[in-house]
Amino acid sequence: MDQTDSLSAHRYRKVTCAIFGESCSGKSALIHSLIHNQFQSKYTPTLFEIYTTQEIVELSPSSSSSTGSTDVDAVQIEIFDFGGSEEHESMRKLVYGTVDVIVVTFDVSLGDKSLKRAKKNWVRRIRKHNTTSPLILCGCKTDQGIRISPISDRRKKRMGCDELVVCSAKTRNGVPDVSKCIARCGVSQMSQL
């Protein structure tokens with residue numbers, strides 16, 4: 001029996017996700033990797049773009065099923081990509097409070113400096129407009145040799161985020177985890193409404 005035989009319930013959901021981060025944090029490369037499954041070597045500055053991808057999220061075994069089958073959500077993720085420069089702030093404000101999931105990127109190759117800027121310049125600003133949507137901090141450029149230590153749930157809350165993930169768009173290491181995290185956070189947010 002293959003995996004699809006054990007999938008009992010298919011729910012199709014749409015999750016909106018805005019991805020923010022300062023210029024050169026790895027945000028555009030991450031989005032390109034999420035959408036096209038490959039690294040974009042040529043950087044093109046972003047003003048505003050919308051992309052769509054799909055993720056299958058397996059949930060816990062169905063409690064109503066005697067066969068132990070797994071519930072599955074097919075999640076369409078609509079990604080809003082905004083330029084990181086200050087001149088785009090008025091456009092970003094339009095979506096801060098309207099999306100299901102928010103991702104803030106930072107460059108792990110710059111050490112704690114980029115993480116602190118992400119928290120100060122992005123998380124605080126976003127949380128002024130949206131306190132309910134899950135916020136994921138995403139460390140990019142892990143291929144450059146710097147690693148982030150695991151962060152406790154308590155510290156995540158103090159930082160204003162719900163999840164912390166790391167990835168390399170160049171090697172694609174961790175990119176599927178980012179996609180699954182967005183989908184799971186979005187589905188979880190919908191179930192709480």
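What follows draws every value from the coordinates through simple rules; no lab data is involved. Just so you know, these numbers come straight off a predicted model, no measurement behind them. Cβ sites come from the backbone with ideal geometry, for glycine too, and all protein chains shown count toward neighbours.
Ordering of 32-39, 152-159 by packing is 32-39, 152-159, highest average first (other Cβ atoms within 10 Å, averaged per residue).
The local environment of Lys157, defined by Cβ-Cβ distances under 13 Å, has a net charge of +3 under the rule Lys, Arg +1 and Asp, Glu -1. Sorted largest first, the spans of the alpha carbon positions of the range 94-193 along the three principal axes are 40, 28, 27 Å. Summing +1 for each Lys or Arg and -1 for each Asp or Glu among the other residues whose beta-carbon sits under 13 angstrom from that of Thr131 gives +4. Between Lys120 and Thr52, the modelled labels are 4.0 nm apart [label points 7 Å from Cα along Cα→Cβ]. Averaging Cα coordinates gives a centre for the range 169-193 and one for the range 90-106; these two points are 16 Å apart.
Pairs of lysine residues in the range 74-185 that meet both criteria, 8 or more places apart or on different chains and Cα atoms under 16 Å apart, total 12. Assuming R0 = 30 Å, what is the FRET efficiency of Ser41 and Arg127, from their Cβ-Cβ distance, to the nearest 0.05? E(calc), rounded to 0.05, equals 0.30.
Summarising the overall dimensions of the range 124-176 from its C-alpha atoms, the Rg and Dmax are 12.6, 35 angstrom.
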